[in-house]
Amino acid sequence: MLTATLAFAVLGCVQDPDRSTPDKALESFVAFWDRATRDVEFWRKVQREADEIGDSYRTATLREKLAKKREESGKLADDYRTVPGKLHVKERVPNRDECLFTCWRDMKLRSRNFTTGEVEERDTQEPYAFTFQKQGDEWLLKQMKVVCPSCSGTRACARCGGTGLYNRSTCSACNGKKTCPRCAGKAMVDASLTAQMLCGFPLTLSLFVAEGEFEPSSDRSGAKGAVKAYMDSWLRCDLVTTKRTLEWLDRKLAAFCAFLTPTNAEVARKVLQMDVDLGKKRYKGIKHEIRDLKERGDCAFAMTATTVDGVERKCGLLLESAEGAWSVAAHLSQMCVMCAGKGGCEQCHFTGKCAICKGTGKSGDYDCIMCTATGVCTGCKGKGGCESCRGFGWIEGD
């Protein structure tokens, strides 16, 4: 048994890594892989660039609110991140022109204890397996196995907990076999040696690739034009994120493929090209619609619908006008419970008049005690609309 320990060193992108022996090939690969998957600052920069596009169409109040949410999300992600340690080689099994490394990796799992408010770290280990194959004078990665994401290495079916039963019936996931159906009870599965492994998220659902130049609207002189410009900014964010992602992968994928066997390298390139082609199709099929638009003075409400990959997502927008330009003041995602989404005052139902005296100020021969003879609705102060949602029927979500 080989007891050598390989540190996951943070190294630069080696142009010609040492692959002369299986051990050196493994050391070079894990150093590159660690660097690529830890490029957090690059992704934060991309996110900031995309955020700035949308912020130019928002009010200062909404910009500050979203900036605070992003900061909180960043802290939460940092509180729950996994800190990788060293890769220990447990066993080295040479077999003709192949060499199998059975390894485990030290990990620190961070999580926040909401009772004490402290961020706690827990030491654990994750299994890995690497198979390198000799191709000419070089040793290249043929296969990599990682812990099963479904059972987390327990080998038990995640749906029934390894009992074979779910709601007193045979578990439909494992058919009563009790073992994890994804890894067949082996605790490990083949890793996807593609670009997704480098960036850490599924490119198939993320890319928007434009053929030619996209010309967004910028007219904010009216509420409708501002909504159209804001929806175009969403697409601009997706296009910028895709562009930066593909630029990053253009630099990383060539170095990544240098560690792979020719078959795996060809698969990685083809999968990325398939994702790009799907991104082009997704861009052509995207559809923005303004379903409803209501203007009341210097405020407006718009219900928008965006369709991507056949899935429709609705978003309500509250807009405000200042100095001749309309800006988005809030994202409204919940129906107002006070008016059941109708937007009218529950007392006067849009009239703005007292519900008792109907605006006369009199109740028989006496002054109306509800409105103190003013004839104005006390619920909405004469505005006619629901006070909670400003008469638009929708409010901000959590």
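Residues that are of a type in the set (D, E, K, R) and surrounded by fewer than 14 Cβ atoms within 10 Å (Cβ to Cβ) were ranked within the range 50-69; the one that is farthest from the chain's Cα centre (by Cα) is E64.
Please specify each residue of the range 264-301 satisfying the condition of being outside the structural domain of F130 (by TED's automatic domain parsing), touching a helix residue (DSSP H, G or I) at 6+ places or on another chain (Cβ under 7 Å) and more than 20 Å from D238 (Cβ to Cβ). Across the range 264-301, the qualifying residues are L293, E295, A300.
Could you tell me which residue of the range 306-338 is surrounded by the most Cβ atoms within 10 Å (Cβ to Cβ), considering only residues that are of a type in the set (D, E) and not in a strand (DSSP E or B)?
The selected residue is D309.
Specify the residue that is nearest to N95 (Cα to Cα); the eligible residues are those in the range 9-23 that are surrounded by 14 or more Cβ atoms within 10 Å (Cβ to Cβ) and at pLDDT 90 or above. Here the residue is P22.
Only residues that are within 51 Å of the chain's Cα centre (by Cα) and either buried (at least 18 other Cβ atoms within 10 Å of the Cβ) or within 11 Å of C371 (Cα to Cα) (or both) were counted in the range 350-360, giving 4. Only a single criterion out of (1) touching a Cys at 6+ places or on another chain (Cβ under 6 Å); (2) of a type in the set (S, T, N, Q); (3) at positive phi is not satisfied by N167, namely (1). Only a single criterion out of (1) closer than 30 Å to S321 by Cα; (2) touching a helix residue (DSSP H, G or I) at 6+ places or on another chain (Cβ under 8 Å); (3) modelled with pLDDT of 90 or more is not satisfied by L87, namely (1). When the helices (runs of 4 or more DSSP H) confined to the range 195-300 are screened for residues that are over 30 Å from G344 (Cα atoms) and at pLDDT 90 or above, those reaching at least 1 such residues are found at 223-257, 262-285. Scanning the range 30-61 for residues that are in a helix (DSSP H, G or I) and either touching a strand residue (DSSP E or B) at 6+ places or on another chain (Cβ under 6 Å) or among the acidic types (D, E) (or both) returns V30, D34, E41, E49, D51, E52, D55. Going through (1) surrounded by 18 or more Cβ atoms within 10 Å (Cβ to Cβ); (2) more than 30 Å from D23 (Cα to Cα); (3) without any contact (Cβ under 8 Å) to a residue 12 or more places away in the chain one by one, M303 falls short only on (3). Would you confirm, using the coordinates I've provided, whether F208 is of a type in the set (F, W, Y), surrounded by 16 or more Cβ atoms within 10 Å (Cβ to Cβ) and farther than 30 Å from R296 by Cα? It is true that F208 is of a type in the set (F, W, Y), surrounded by 16 or more Cβ atoms within 10 Å (Cβ to Cβ) and farther than 30 Å from R296 by Cα. Among all positions in the range 236-248, there is no residue which is buried (at least 16 other Cβ atoms within 10 Å of the Cβ), without any contact (Cβ under 8 Å) to a residue 24 or more places away in the chain, within 27 Å of E41 (Cα to Cα) and over 18 Å from the mean Cα position of the chain (by Cα).
W139 meets all of the listed conditions (1) surrounded by 17 or more Cβ atoms within 10 Å (Cβ to Cβ); (2) over 15 Å from A187 (Cβ atoms); (3) without any contact (Cβ under 8 Å) to a residue 24 or more places away in the chain but one, namely (3).
Going residue by residue through the range 193-214, is there one that turns out to be of a type in the set (G, A, S) and in contact with a Gly (Cβ under 6 Å, 6 or more places away or on another chain)? Steps first, please.
Step one: filter the range 193-214 for residues of a type in the set (G, A, S), giving 195, 200, 206, 210, 212.
Filter again for in contact with a Gly (Cβ under 6 Å, 6 or more places away or on another chain), leaving none.
No, every residue in the range 193-214 fails to be of a type in the set (G, A, S) and in contact with a Gly (Cβ under 6 Å, 6 or more places away or on another chain).
Please verify whether the range 375-388 includes one or more residues that are modelled with pLDDT of 85 or more, over 41 Å from the mean Cα position of the chain (by Cα) and on the phi > 0 side of the Ramachandran plot. Outline the logic, then answer.
Applying the first criterion (modelled with pLDDT of 85 or more) to the range 375-388 yields 375-377.
Filter once more, so that each one left must be over 41 Å from the mean Cα position of the chain (by Cα): 375-377.
Right, trim to on the phi > 0 side of the Ramachandran plot and you get 375.
There is at least one residue in the range 375-388 that is modelled with pLDDT of 85 or more, over 41 Å from the mean Cα position of the chain (by Cα) and on the phi > 0 side of the Ramachandran plot.
The values are calculated or read from the model by the stated rules, or taken from the named source; none is laboratory data. Note that this is a predicted model, so its numbers are computed, not measured. Methodologically, a virtual Cβ is constructed for each residue, glycine included, from the backbone with ideal geometry; neighbour enumeration extends over all protein chains shown.
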